[in-house]
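What follows is a short report on a single structure.
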Amino acid sequence: MSPFSESSGRVHRLPVEQMPVPKHADSRAIPAREHFTDAMNSKIAKSVLEGGVYLDNMMPGITLELSTQNHTYRILYVGQGRAFISGHPTLCPTPVLVKILGSTWGGSMIRNGYLGRGMHLEYQQASNVPITTSKILDIRL
């Protein structure tokens, strides 16, 4: 039996963080971290503007549909960073319990507990080896 419940087929887009987009560079809009490079600060600002989901803000039982460049995943959040995930033909063709680590930009720096558009989902199965998806294109509730 699948932990996913069937829905009415309607797709609801998750709300994007409502950040004002400055016409000119404004350090008050998205503060730069002085110990990060300009390139990394730019990626952080872009992830805020593109939107995403903080796991801490999700209630257990919520199902997300996460579309990447290569696959569409269904994620049933069960709480405390854990979820059932399916959608990859070999790694998780049926729901598998995983720990969601967060999102990366394809490198070693991770935004813990955050799923962001334009970023790569990173999670761990029972083997504790991190799995990184292709770039996230969209997140739907």
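The table below lists the values:
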{"item": "Boolean, Leu115 is out of contact with any helix residue (DSSP H, G or I) (no Cβ under 8 Å at 6 or more places or on another chain), hydrophobic (A, V, I, L, M, F, W, C) and part of a strand (DSSP E or B)", "result": "no"}
{"item": "The stretch 63-93: number of residues that are in contact with a strand residue (DSSP E or B) (Cβ under 7 Å, 6 or more places away or on another chain) and assigned to a loop (DSSP other than H, G, I, E, B)", "result": "7"}
{"item": "Residue match in the stretch 118-125 (condition: in a loop (DSSP other than H, G, I, E, B) and touching a helix residue (DSSP H, G or I) at 6+ places or on another chain (Cβ under 7 Å))", "result": "yes"}
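Bear in mind these aren't lab numbers, they're just calculated from the coordinates by the rules spelled out. Nothing here was measured: the structure is a model prediction, and the numbers come from that model. As a convention, Cβ positions derive from the backbone with ideal geometry for all residues, glycine included, and neighbour counts pool all protein chains shown.
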